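The values are calculated or read from the model by the stated rules, or taken from the named source; none is laboratory data. Being a predicted model, the structure only gives us computed values, none of them experimental. We place every Cβ from the backbone using ideal geometry, glycine too, and count neighbours over all the protein chains shown. Side chains included, ligands, DNA and RNA excluded: accessible areas come from the protein's heavy atoms. Shrake-Rupley method; radii C 1.70, N 1.55, O 1.52, S 1.80 Å.
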Amino acid sequence: METYAYYADGRWLEPAGGEYFDSENPYTGKAWAKIPRCNTADANIAVQAAYRAYHEGPWGRMNPSERGAMVRRLGDAVARHAERLAEIEVRDNGKRRVDIRPGLSSWLIDSFYYYAGMADKFEGAVIPTGRDQILNYTRHEPYGVVAAITAWNSPLLIAIWKLAPALAAGNTVVLKPSEFASASTLELMKAFEDADLPSGVINTVTGFGAEVGEPLVTHEQVRKVSFTGSVEGGARVAGLAARTIKSVTMELGGKSPQLVFDDARLEHTVHGVCGGIFPPAGQSCIAGSRLLLQSGIYDDFVEKLLEVTARARLGDPNDAATSIGPIANKAHFETVLGHIERARQSGATLACGGNAVNPEGAGGWFIEPTVFTDVTPDMPLAREEIFGPVLAVMRFDSEEEAVQIANDSDFGLAAGIWTEDHRRALDLANRLEAGTVYLNNYFDACTQSPVGGYKQSGYGRENGWEGMRDFLQTKSVWLSTARRIDAPF
Ligand code: TXE
């Protein structure tokens, strides 16, 4: 068993309460590491370190270009430690190695390089007030201490998507990864020691939402919260942050629709739809978990969909031949099975899957790729986020009906449209209530393109210019050159 410490003020610390909790390997189901069970005292240590680093240390006064060079060094550090980071992400989260290792040598590093370059590009403006003897200009300034709270399904990606812009903007950060997958974020701190940033600029506490997450969110010295997680978790955190009027970014859940029209290329689209949910075992916020098929293509599509899905190989997430890895933790494994059981009772037809399996006798938490047909929009299966390898198939006739069903959701994170009629694709893209719309592709993302939700999928954006803007606040400065101000009375 590996025992970790948490990281604050440039040091590795034991949890104040002296307690640890086990972290399990989802492939074997067995505990492999002990993670610090941090509490309010640890949260205070981390926030105060971040506060000192911002207000008293060099970071808060650093010129943006120099800060950008330091952020770039974080990317270099990730590249040097990519192998270890990938190893621990797979062991602790069950994410397939083929999904995380390449990113640690490319697009995850790009986040640091992209925002490092942006650090000295956020220009203010001179405002044409029309007033004589007045110079009014704006500047964009960091918030100070940022609390970044992340989910278990992609710990490194979610942490890096917050850290890179938050730091490039000049903030200091206290990270709290999910209690279900904390180790890779702690390993990220080890990697960052190479970059030699001033102490307290980046800190990570670990543990449970109520025990260490809430002390972060309610702490007076935290001025910005960036949260990634469930709608329930987000609503709780946003409510707590509101008590001290903190700025909040919310990246929450989804129930994203895939609209397939009769003229879609059959095999191309089946591959895109399967690839849009099953490889991460459905554990992606933007998973295309609702499939809306136009009547004319319905039968052929379902037949091909089941044929392709049957080829999926569940197994070791380190094995390149594995199509679908494990569910990331036992609690969620049981949650997904509960959704499947309720779906079986709902009147939907189980077309394939639906069972927990134990491939290779590994002992972990695996669920077959599951397809339910004859789903109606009123069923919980069509409305609730399952966050597992479960695809709900519905039928539609007209474009209007497809848009109506797609938008009839509390969520609005992503959507896919599959049609050879690009005029229709672009028209419908403008009508779907979703922060990301894919046309004849699905699941792509890059650091230059903003992601975020409509409706209960959240607010604020990550990546792109807006990803950094969310970590800055605007100041307006008025300079008067008037020689006198007349007596007011
Ligand atoms: O969320 P939870 P999970 C969503 C995904 C799914 C969820 C799964 O759609 O809904 O995340 O992640 C902390 N005070 N996204 O189960 O339970 C908790 O400890 C302070 C969307 O982890 O909400 C954990 O660190 N903190 C996303 C984090 O919140 C609290 C991409 C999330 O926990 C807390 C990936 C509290 N009261 C997953 N309660 C996107 N949209 O990009 C919990 N936490």
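Worth pointing out:
- Test: residue in the stretch 463-472 that is away from the ligand (no atom under 16 Å from the Cβ), touching a strand residue (DSSP E or B) at 6+ places or on another chain (Cβ under 6 Å) and either assigned by TED's automatic domain parsing to the domain that holds Ser226 or among the polar types (S, T, N, Q) (or both): yes
- Residue match in the stretch 170-178 (condition: surrounded by 24 or more Cβ atoms within 10 Å (Cβ to Cβ) and either without any contact (Cβ under 8 Å) to a residue 24 or more places away in the chain or part of a helix (DSSP H, G or I) (or both)): no
- Given (1) within 17 Å of Val71 (Cα to Cα); (2) crowded, with 24+ Cβ neighbours inside 10 Å; (3) aliphatic (A, V, I, L, M), number of the condition Ala181 does not satisfy: (1)
- Within the stretch 219-260, the set of residues being closer than 24 Å to Met468 by Cβ, near the ligand (Cβ under 9 Å from one of its atoms) and touching a Gly at 6+ places or on another chain (Cβ under 6 Å) comprises Phe227, Met250, Glu251, Leu252.
- From the options Asp194, Asp263, residue that is at pLDDT 95 or above, away from the ligand (no atom under 16 Å from the Cβ) and surrounded by fewer than 24 Cβ atoms within 10 Å (Cβ to Cβ): Asp263
- Condition check for Ala434: buried (at least 24 other Cβ atoms within 10 Å of the Cβ), more than 22 Å from the chain's Cα centre (by Cα), within 16 Å of the ligand (Cβ to nearest atom) and not basic (Lys, Arg): no
- Under the condition of being outside any loop (DSSP other than H, G, I, E, B) and buried (at least 18 other Cβ atoms within 10 Å of the Cβ), the residues counted in the stretch 14-31 number 4.
- The numbered conditions (1) out of contact with any Gly (no Cβ under 7 Å at 6 or more places or on another chain); (2) small (Gly, Ala, Ser); (3) touching a residue at least 40 places away in the same chain (Cβ under 8 Å) are all true for Gly338 except (3).
- Going through (1) within 30 Å of Ala191 (Cα to Cα); (2) surrounded by 24 or more Cβ atoms within 10 Å (Cβ to Cβ); (3) touching a Leu at 6+ places or on another chain (Cβ under 6 Å) one by one, Thr218 falls short only on (2).
- Checking each residue in the stretch 279-325 for being over 16 Å from Gly254 (Cβ atoms), touching a residue at least 40 places away in the same chain (Cβ under 8 Å), among the hydrophobic types (A, V, I, L, M, F, W, C) and part of a loop (DSSP other than H, G, I, E, B) picks out Ala310, Ala312, Ala320.
- When Ala392, Ala425, Ala445, Ala406 are checked against the criterion of being within 20 Å of the chain's Cα centre (by Cα) and either among the small types (Gly, Ala, Ser) or part of a helix (DSSP H, G or I) (or both), a single residue qualifies: Ala445.
- Filter result for Ala151 (open to solvent by less than 30 Å² (accessible area, probe 1.4 Å), outside any loop (DSSP other than H, G, I, E, B) and closer than 30 Å to Ile286 by Cα): no
- Identity of the residue in the stretch 404-431, in contact (Cβ under 8 Å) with a residue 40 or more places away in the chain and over 19 Å from Ser284 (Cα atoms), that ends up most open to solvent (accessible area, probe 1.4 Å): Glu420
- Qualifying residue in the stretch 310-322 (condition: away from the ligand (no atom under 16 Å from the Cβ), touching a strand residue (DSSP E or B) at 6+ places or on another chain (Cβ under 6 Å) and closer than 30 Å to Ala425 by Cα): yes
- Residue in the stretch 74-81 that is within 16 Å of the ligand (Cβ to nearest atom) and either part of a strand (DSSP E or B) or farther than 30 Å from Trp478 by Cβ (or both) present: no
- Selected residue (criterion: most open to solvent (accessible area, probe 1.4 Å)) from residues of the stretch 351-365 that are in contact (Cβ under 8 Å) with a residue 60 or more places away in the chain and farther than 11 Å from Val336 by Cβ: Gly363
- Under the condition of being within 20 Å of Gly144 (Cα to Cα), within 11 Å of the ligand (Cβ to nearest atom) and among the small types (Gly, Ala, Ser), the residues counted in the stretch 197-218 number 1.
- Residue count for the stretch 121-153, restricted to those that are more than 16 Å from the ligand (Cβ to nearest atom) and closer than 29 Å to Leu186 by Cα: 4
- Among the residues of the stretch 471-481, at least one is in a loop (DSSP other than H, G, I, E, B) and surrounded by fewer than 21 Cβ atoms within 10 Å (Cβ to Cβ).
- Residue match in the stretch 257-265 (condition: of a type in the set (D, E, K, R) and not in a loop (DSSP other than H, G, I, E, B)): no
- Of the residues making up the stretch 429-441, one or more are touching a Lys or Arg at 6+ places or on another chain (Cβ under 7 Å) and among the acidic types (Asp, Glu).
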